[in-house]
Amino acid sequence: MDRNTFDRLVESHLPAAQRFAIRLTGDPHTADDLVQDALLKAHRAWQSFRGESRFTTWLFRIIINCFRDRFDARPPEVASLQLARDAATNPNDDPARTSASKEFGEIVAYEVSRLPPRQREVLVLIVYEQLSIAETASALELSEQNVRTTLHHARERLRQRLEPHVRDRKP
Amino acid sequence: MNEPRESISNDPLDQWLAEARWAAPTAESSRRLRGAWLEISRRRLSSWRRGAVAAAAMIVVVVGVWFVIREEPPAVVQIAIESPPAKVVSAQLPGRAPTARELVLFNAAVRKKAKGSESMASTPPQVVSQTVVSENAIARLWRGSPADFQRYLEQIANSETRQRALHALDNTTDLPTERLIQALAHPRADLRVSAAIALGHIDGPVLTKRLIDMIERDQSRREAFIALASSRGREAQRYVQTAAVSEQYAGIARSAIIASTLQ
């Protein structure tokens with residue numbers, strides 16, 4: 001792949017990279033810094049993309065490596081739930097949506113972003129980025145069995161944390 | 001971000017997960033990231049072009065040297081030249097021989113004159129005046145209209161003119177510090193970085209304190225970090241190094257250090 005094509009690919013994938021980083025970190029500002037670090041790494045490592053995997057998978061792997069570099073030593077201070085709610089407010093929202101379901105959506109996002117890093121990576125890639133088990137294993141340099149086990153633990157943890165909120169939801 | 005999707009299993013957890021709602025990226029942050037990527041790509045192109053020009057120049061030099069070496073030297077023609085005997089110029093004044101004091105003063109004056117013409121010869125006057133004119137032109141940009149000031153920032157953003165644009169700041173007392181601080185919030189990402197680099201070049205304890213205050217008030221925080229990381233001042237460097245290992249600022253400080261080293 002020539003360099004100009006690579007540059008255009010990265011640019012076209014920036015929105016997806018941002019959304020992925022926000023889901024990983026739970027905070028838009030931290031996500032921006034994470035993506036900037038990833039862009040520098042991608043710029044230096046562009047020749048390592050040989051088309052053997054999807055470009056998304058390659059780029060997300062770089063973002064995950066930057067995420068691990070930042071947060072392996074110091075777990076991120078996840079924004080409080082109130083801050084997460086404030087950040088998730090979208091002026092284009094349909095006002096007919098019940099505030100309860102909006103609140104629940106924010107709680108789900110908050111709990112996902114609170115998962116331990118490895119569980120969070122696996123769950124976000126599979127559930128929200130819709131990568132397959134094989135692609136996730138490749139991106140995270142894990143075995144497929146390891147990915148399945150981690151996903152199972154992540155789901156069980158979320159189930160325990162979300163069930164109380166589901167009971168409190170208004171129909 | 002809303003991710004509605006149909007549940008593909010009977011597990012209610014899938015429905016719950018589908019309702020997750022994160023903050024959407026703002027248009028401003030998307031623009032900044034795109035600007036950052038374009039800046040990184042552009043710098044890579046500039047350095048590629050510089051490398052290509054350097055390689056081409058090297059090839060031309062090598063070919064030129066080869067041509068010179070392979071030419072046969074001209075036949076040596078031996079000519080005997082009889083040089084006339086050197087004329088000895090006596091320092092003696094007509095009338096009487098110079099005194100010892102007169103000789104000392106005379107020799108000192110000759111030495112002083114010789115030293116003066118040496119220093120004139122070492123700095124070709126034409127080059128000095130061109131440099132001064134160029135820096136005066138740059139200084140007029142940062143004192144001029146907003147469009148002129150933007151052109152000054154673009155000179156810093158351009159790797160070929162950056163050093164000259166920064167050097168012009170060394171030879172003036174009329175520094176555009178306030179304008180540069182305002183430019184830390186410029187809509188263009190590359191010019192925000194230019195302003196930060198210029199502030200880092202200006203340096204100084206008062207400016208350092210001001211940049212630290214901006215960081216702690218979350219005002220153009222990233223650009224203020226780049227300015228500190230670009231600075232040679234000890235306090236600025238100490239602040240950035242401490243921030244790079246702190247919980248609150250580690251990411252942004254490290255990102256700023258990387259951005260400052262790309263210059």
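The values are calculated or read from the model by the stated rules, or taken from the named source; none is laboratory data. Bear in mind that the values here come from a model prediction, so they are computed numbers and not experimental data. Counting neighbours? That spans all protein chains shown, and the Cβs are built from the backbone with ideal geometry, glycine included. The area values use the complete protein model at the heavy-atom level, side chains included, leaving out ligands, DNA and RNA. Shrake-Rupley method; radii C 1.70, N 1.55, O 1.52, S 1.80 Å.
Of note:
- Cα gyration tensor, the stretch B:137-201 - rounded (a/c under 1.5), prolate or oblate: rounded
- DSSP-loop trypsin sites (Lys or Arg not before Pro) across the stretch B:168-231, with at most 12 other Cβ within 10 angstrom: B:Arg217
- For the stretch B:194-263, the extents of the C-alpha atoms along the principal axes are 29, 25, 21 Å, listed from largest to smallest.
- Prolate/oblate/rounded label for the stretch B:164-210 (Cα gyration tensor, a/c 1.5): oblate
- A crude spin-label estimate for the pair B:Glu28 and A:Thr5, with each label 7 Å from Cα along the Cβ direction, gives 3.8 nm.
- Neighbour cut-off at most 12 other Cβ (10 Å), DSSP loop, GluC sites (Glu not before Pro), the stretch B:174-248: B:Glu247
- The magnitude of the dipole of the stretch A:111-150, with charges of +1 and -1 set on the Cβ of Lys/Arg and Asp/Glu and taken from the Cα centre, is near 180 debye.
- Buried on assembly, the stretch A:28-43 (at least 50 Å² less accessible surface than by itself, 1.4 Å probe): A:Asp33, A:Gln36, A:Leu39, A:Leu40, A:His43
- Take the accessible area of B alone and of A alone, subtract that of the pair with a 1.4 Å probe, and the total buried over both chains is about 4100 Å².
- About its Cα centre, the stretch B:127-263 has a charge dipole of approximately 80 debye under the convention of +1 per Lys or Arg Cβ and -1 per Asp or Glu Cβ, with nothing else charged.
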